[in-house]
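One structure is given here, and the rest of the page talks about it.
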Amino acid sequence: MKFQLKNILAVVAIAFAFSSCSSDNDTPVVDELAELTKFKEITNTTHTIEMYSYTGALEQGYNEISLRIKDKTSGDYVNNATVSWMPLMHMTMMTHSCPKSEVEKVAAAGALYRGNIVFQMPQNATEYWDLKIDYTVNGTAYTATSVIDVPASAKQRVTTFTGSDNVKYIVAYVEPHHPKVALNDIIVGVYKMESMMSFPVVDHFKVKIDPRMPSMGNHGSPNNVDLTQSALDKLYHGKLSLTMTGLWKINLQLLNASDVVLKGETITDLVPASSIYFEIEF
């Protein structure tokens, strides 16, 4: 009886050991760069800052940007940095910034940092954007700055205007990245210009949408849902109905917290398009 009990205990111990080893070996390795493509490196004497996006480029409009900080000496990636950034457009007569988010760590155990920047205008032959990245590692402050490429978007993805309240607004298309013939989730960012360097998110507004196909008699689509602000990401979410492939103009109206229209027109037979809009083609 004692011999049998010892054998049973030994089998249980071996099974537990194998189970533990198997569990350790089966722990998935997370690829922080999945679906991301590097488009830029910014360097200083200590680090190389690798910059990534889903498209492998920047463009006029809303851009989600990821970065990693690589130590030039050790080759290791920094996972304990505090990061901020400042994009600047250098124009002939002035310099200004644009809407931008905080830069946050993507995963506690990783080394990827992420945020978004809305470039409201593209570069040209004489005017350009640069990006300054400030960061602190173990109490030591570093900085790195470089010119970045921000070409014009192929379709209108951002609109800048002065509302009837004399405030300058920037409204930027965020999603869907890959629109389809269906009822799509649509996300938009709404910002205002407080100064040449400050463009905070606007709270508690509403964005009305009226998608039309100009090449198809300017027909619309059913079941669209106007956009309201999410408390989680501070962006504006709604539903966009696309009934066929082709070029769509998403006509916009921006309303304040009192439902007063600040910019944009209702589409009628006499008013075929709003003065503020986005374009998508798929």
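What do you reckon, is E194 farther than 25 Å from N224 by Cα and charged (D, E, K, R)?
Spelling it out, E194 is indeed farther than 25 Å from N224 by Cα and charged (D, E, K, R).
Do we find that V188 is touching an Asp or Glu at 6+ places or on another chain (Cβ under 8 Å), at pLDDT 95 or above and closer than 20 Å to V261 by Cα in this structure?
No.
So, of the residues in region 143-164 that are assigned to a strand (DSSP E or B) and of a type outside the set (A, V, I, L, M, F, W, C), which turns out to be surrounded by the most Cβ atoms within 10 Å (Cβ to Cβ)?
Here the residue is T159.
Picking from V167, V171, which residue would you name as being out of contact with any Ser or Thr (no Cβ under 8 Å at 6 or more places or on another chain) and either at pLDDT 95 or above or surrounded by 15 or more Cβ atoms within 10 Å (Cβ to Cβ) (or both)?
Testing whether each residue is out of contact with any Ser or Thr (no Cβ under 8 Å at 6 or more places or on another chain) and either at pLDDT 95 or above or surrounded by 15 or more Cβ atoms within 10 Å (Cβ to Cβ) (or both) leaves just V167.
Is it the case that some residue within region 184-200 is over 26 Å from E104 (Cα atoms), part of a strand (DSSP E or B) and under 18 Å from the mean Cα position of the chain (by Cα)?
yes
Conditions first: (1) part of a loop (DSSP other than H, G, I, E, B); (2) in contact with a strand residue (DSSP E or B) (Cβ under 7 Å, 6 or more places away or on another chain); (3) not β-branched (V, I, T). D233 passes all but one, so which condition is the exception?
Here D233 meets the rest and fails (2).
Take region 116-140 and flag every residue that is farther than 18 Å from I170 by Cα, assigned to a strand (DSSP E or B) and in contact with a strand residue (DSSP E or B) (Cβ under 7 Å, 6 or more places away or on another chain).
Once the filter is applied, which keeps residues that are farther than 18 Å from I170 by Cα, assigned to a strand (DSSP E or B) and in contact with a strand residue (DSSP E or B) (Cβ under 7 Å, 6 or more places away or on another chain), region 116-140 yields Y128, D130, L131, K132, I133, D134, Y135, T136, V137.
Taking region 174-186 only, how many residues are open to solvent by 20 Å² or more (accessible area, probe 1.4 Å) and more than 14 Å from F282 (Cβ to Cβ)?
Residues in region 174-186 being open to solvent by 20 Å² or more (accessible area, probe 1.4 Å) and more than 14 Å from F282 (Cβ to Cβ): 2 in total.
Out of V103, V118, which single residue is in contact with a Pro (Cβ under 6 Å, 6 or more places away or on another chain) and closer than 18 Å to F199 by Cβ? Break it down stepwise before answering.
On the way: V103 fails: in contact with a Pro (Cβ under 6 Å, 6 or more places away or on another chain).
That would be V118, the only listed residue that is in contact with a Pro (Cβ under 6 Å, 6 or more places away or on another chain) and closer than 18 Å to F199 by Cβ.
Can you tell which of S275, S258, S230 is at pLDDT 95 or above, more than 24 Å from the chain's Cα centre (by Cα), open to solvent by 10 Å² or more (accessible area, probe 1.4 Å) and under 23 Å from Y62 (Cα atoms)?
Details: S258 fails: under 23 Å from Y62 (Cα atoms); S230 fails: more than 24 Å from the chain's Cα centre (by Cα).
Of the residues listed, the single one that is at pLDDT 95 or above, more than 24 Å from the chain's Cα centre (by Cα), open to solvent by 10 Å² or more (accessible area, probe 1.4 Å) and under 23 Å from Y62 (Cα atoms) is S275.
Filtering region 201-224 down to residues that are hydrophobic (A, V, I, L, M, F, W, C) and farther than 16 Å from E281 by Cα, which residue is nearest to the chain's Cα centre (by Cα)?
The extreme case among them is V201.
Report the residue count in region 59-74 for those that are touching a strand residue (DSSP E or B) at 6+ places or on another chain (Cβ under 7 Å), within 20 Å of Y135 (Cβ to Cβ) and assigned to a loop (DSSP other than H, G, I, E, B).
Number satisfying all stated conditions: 1.
Only one of these is part of a strand (DSSP E or B) and over 19 Å from A273 (Cβ atoms): K180, K249, K208, K239. Name it.
K239
Looking at M51, M86, M94, which is the one that is of a type outside the set (F, W, Y), crowded, with 18+ Cβ neighbours inside 10 Å and not assigned by the TED database to the domain that holds V202?
M51
The values are calculated or read from the model by the stated rules, or taken from the named source; none is laboratory data. Model, not experiment: these values are computed from the prediction. We place every Cβ from the backbone using ideal geometry, glycine too, and count neighbours over all the protein chains shown. Just the protein is used for accessible areas: all its heavy atoms, side chains included, with ligands, DNA and RNA removed. Shrake-Rupley method; radii C 1.70, N 1.55, O 1.52, S 1.80 Å.
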